[in-house]
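Undergrad: The structure follows.
The values are calculated or read from the model by the stated rules, or taken from the named source; none is laboratory data. Please read these numbers as outputs of a predicted model, since none were measured by experiment. Cβ: placed from backbone, ideal geometry, glycine included. Neighbour counts: every protein chain shown. Protein only, heavy atoms only, side chains kept; ligands, DNA and RNA dropped before computing areas. Shrake-Rupley method; radii C 1.70, N 1.55, O 1.52, S 1.80 Å.
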Amino acid sequence: MTLNLRQKQTECIARMLNLNQPVNASGTANEEVYKILIYDKFCQNILSPLIHVKDLRKHGVTLYFLIDKDRKPVHDVPAVYFVQPNQSNIQRIIADASRSLYDSFHLNFSTSIPRPLLEDLASGTLNSDSIHRISKVHDQYLEFVTLEDNLFSLAQKSSYVQLNDPSAGDREIEEIVEKIVSGLFCVLATLAVVPIIRCPRGGPAEMVASALDQRLRDHMLAKNNLFTEGGNFVSSFQRPVLCIFDRNFELSVAIQHDFRYRPLVHDVLGLKLNRLSVQGEKGGMRSYELDSSDSFWVANGSLEFPEVAVEIETQLNKYKKDVDEVNKRTGGTNGAEFDGTDLIGNTKHLMNAVNSLPELTERKQVIDKHTNIATVLLGEIKERSLDSYAKKENDMMVRGGIERNELLAALRGKGTKTDKLRFAIMYLISSESINQSEVEAVELALRESEVDTAAFQYVKKIKSLNVSLASANSASRSNIVDWAEKLYGQSISAVTAGVKNLLSSDRQLALTRTVEALTEGRPNPEIDSYLAFDPRAPKSGSGAGSSHLKGPFKEAIVFMIGGGNYVEYGSLQELAQRQQPVKHVIYGTTEILTGVDFVEQLTLLGKKMGLGNTVSTPTQ
């Protein structure tokens, strides 16, 4: 059984659009009902990567609106609402029902609606004498955004700042953890699986794992729960493992420049919800969609950028050759652009040529799209020396440092302010010890470029704590941690996982290495201390006591708290393909962040701690 999150979520949405009636093999309801779809901004983002306008038509949706827009009544038509369960949406639904905007209301909430809100809905519609218009209320458990078959995001903004904010109280931290647990519960409910949960000790990862374990246990006490139909997998080989990590486990991946196609497109061009806009060849902005329906994107997303450029060239030459072949067979002019007007020849060749037209046209569109994207990327790479940043950062991580002259030359060279800041932070992370005079020279170079150093100083502070922790004996170490937790909130207990995660000697990410160890099920000192939870087993204190908790596992769901990216996603997909037999890994995160987004969050944390040059002072 392969877990395909995209397919499962799309099926749930198709059922919802068909008024929660069972759908047939073609994915539509047996009897067609025309309807209106109302959603909020969050649920629009859930629908956007999965359902296109033509799919909405197929499901009988003739009109669709945002809930907060003014809408005119449409009588005799049912309305499907797909919204988050919050106070403003409930009030809007009550107002719509009292004005009799639609014939009947099918309410679908993205996650379970809290009892007080349900009571508000009931009393509000009762008071306005419109309760008879509410046909059904459904909890859909769909509060996550699926971007690819094995990639999802909970779309929860700034969770890294919230969890690491030194001023955050226990109550705020609990609320964020609860929100993350709720999102993960939706993912597991959609997949209908109860996984074994593994996580490192301490920090947000353990808090989320433990709370999710409890949430699943409480839910499974009910006779009709969401997991009964998913089959009762007893052996661990049939159940997936859910590995939960916190962003501080491996900070560098969120900051570094990467030179592979998918991460580059995301980081440089701002790929969002599988869409991006770039400057067209003839001026004006062109909007493109990059998802599993684009075969070039799927096949080449993990290649280095120069290889992608070669691949585009190869595909273009192959296309031209195929066009020439068709023209030759049908007596068309050699090398002419294939437009179907020049077709003469026998009927068989004509038929073949006509049949190959749509396929050739589609191939040309894909080639043109990626040629345009690659051209824009190349311009950015040259202007900002992104290839040089990516290579230097990778060398730093492998060698554990960089020559001082090379470091300062890069900081005074090409690149945006954020490129330089990211490079400087990567230098900090990769250096085994902090050289005070070198760090001061780096800060000076940053200030010369008018870069706000708050993020740099924040990482420096955490780094110096790591170093003092590594050198302290165990008695004083606990004192440092106590002091640091008071000062830095949650982040420090996870950050103290230490320098070893930041300095993986091979090129494999620490995350990928750890996930490999967790799925293999062999004894491994790196993961011996990891906690294990089995929500199906009787509660007997957490810990990795029972052997079935150790694996091996065929399927894994890897979740990163505090923001993830396409570098980690690509690395985990490569791991899954490399394994014998091939494993299946789903990657999820609280939000997908570019390097720029993440550094902004670090800057915010630095400012909260009073670090950084709020006003860039002219250097003497």
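Undergrad: So for the stretch 434-442 (the condition being part of a loop (DSSP other than H, G, I, E, B) and charged (D, E, K, R)), does at least one residue qualify?
TA: No, there is no match, as no residue in the stretch 434-442 is part of a loop (DSSP other than H, G, I, E, B) and charged (D, E, K, R).
Undergrad: Taking the stretch 416-434, which residues are β-branched (Val, Ile, Thr) and open to solvent by 10 Å² or more (accessible area, probe 1.4 Å)?
TA: 416, 418, 434
Undergrad: Please determine, by comparing only the residues of the stretch 164-182 that are touching a residue at least 60 places away in the same chain (Cβ under 8 Å) and of a type outside the set (S, T, N, Q), which one is surrounded by the most Cβ atoms within 10 Å (Cβ to Cβ).
TA: The qualifying residue surrounded by the most Cβ atoms within 10 Å (Cβ to Cβ) is 180.
Undergrad: Suppose the filter is more than 25 Å from the chain's Cα centre (by Cα) and at pLDDT 90 or above; does residue 75 pass it?
TA: No; evaluated as a whole, the condition is false for this residue.
Undergrad: Separate question: Determine whether residue 136 is open to solvent by 30 Å² or more (accessible area, probe 1.4 Å) and in contact with an Asp or Glu (Cβ under 7 Å, 6 or more places away or on another chain).
TA: Against the criterion (open to solvent by 30 Å² or more (accessible area, probe 1.4 Å) and in contact with an Asp or Glu (Cβ under 7 Å, 6 or more places away or on another chain)), residue 136 does not qualify.
Undergrad: Follow-up question, since we're still on this one. If residue 394 satisfies every condition in (1) assigned by the TED database to the domain that holds residue 427; (2) open to solvent by less than 30 Å² (accessible area, probe 1.4 Å); (3) in a helix (DSSP H, G or I) but one, which is the exception?
TA: Residue 394 satisfies every listed condition except (2).
Undergrad: Also: Quick check on my filter: what residues within the stretch 41-55 are at pLDDT 90 or above and of a type outside the set (Gly, Ala, Ser)?
TA: Residues satisfying the conditions are 41, 42, 43, 44, 45, 46, 47, 49, 50, 51.
Undergrad: Quick one: which of 146, 190 is within 25 Å of residue 47 (Cα to Cα), touching a Leu at 6+ places or on another chain (Cβ under 8 Å) and either open to solvent by 10 Å² or more (accessible area, probe 1.4 Å) or free of Cβ contacts under 8 Å to residues at least 12 places away in the same chain (or both)?
TA: That would be 190, the only listed residue that is within 25 Å of residue 47 (Cα to Cα), touching a Leu at 6+ places or on another chain (Cβ under 8 Å) and either open to solvent by 10 Å² or more (accessible area, probe 1.4 Å) or free of Cβ contacts under 8 Å to residues at least 12 places away in the same chain (or both).
Undergrad: Any residue in the stretch 279-307 that's in the same structural domain as residue 378 (by the TED database) and under 16 Å from residue 269 (Cβ atoms): show its pairings with residues that are at pLDDT below 90 and of a type outside the set (Gly, Ala, Ser) at Cβ separation under 6 Å, as long as the two are six or more apart or on different chains.
TA: 280/286; 286/278
Undergrad: Being under 26 Å from the mean Cα position of the chain (by Cα) and at pLDDT 90 or above is true for just one of 82, 105. Which residue is that?
TA: It is 82.
Undergrad: Can I ask one more? Determine which member of the set 129, 120 is at positive phi and assigned by the TED database to the domain that holds residue 43.
TA: Of 129, 120, the one residue that is at positive phi and assigned by the TED database to the domain that holds residue 43 is 129.
Condition check ((1) surrounded by fewer than 23 Cβ atoms within 10 Å (Cβ to Cβ); (2) part of a strand (DSSP E or B); (3) of a type in the set (Val, Ile, Thr)) across all residues:
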{"residue": "243", "(1), (2), (3)": "no, yes, no"}
{"residue": "248", "(1), (2), (3)": "no, no, no"}
{"residue": "257", "(1), (2), (3)": "no, no, no"}
{"residue": "264", "(1), (2), (3)": "no, no, no"}
{"residue": "277", "(1), (2), (3)": "yes, yes, no"}
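Undergrad: Hey, another quick one. How many residues are open to solvent by less than 10 Å² (accessible area, probe 1.4 Å), farther than 20 Å from residue 527 by Cα and modelled with pLDDT of 90 or more if we restrict to the stretch 195-240?
TA: Matching residues across the stretch 195-240 total 2.
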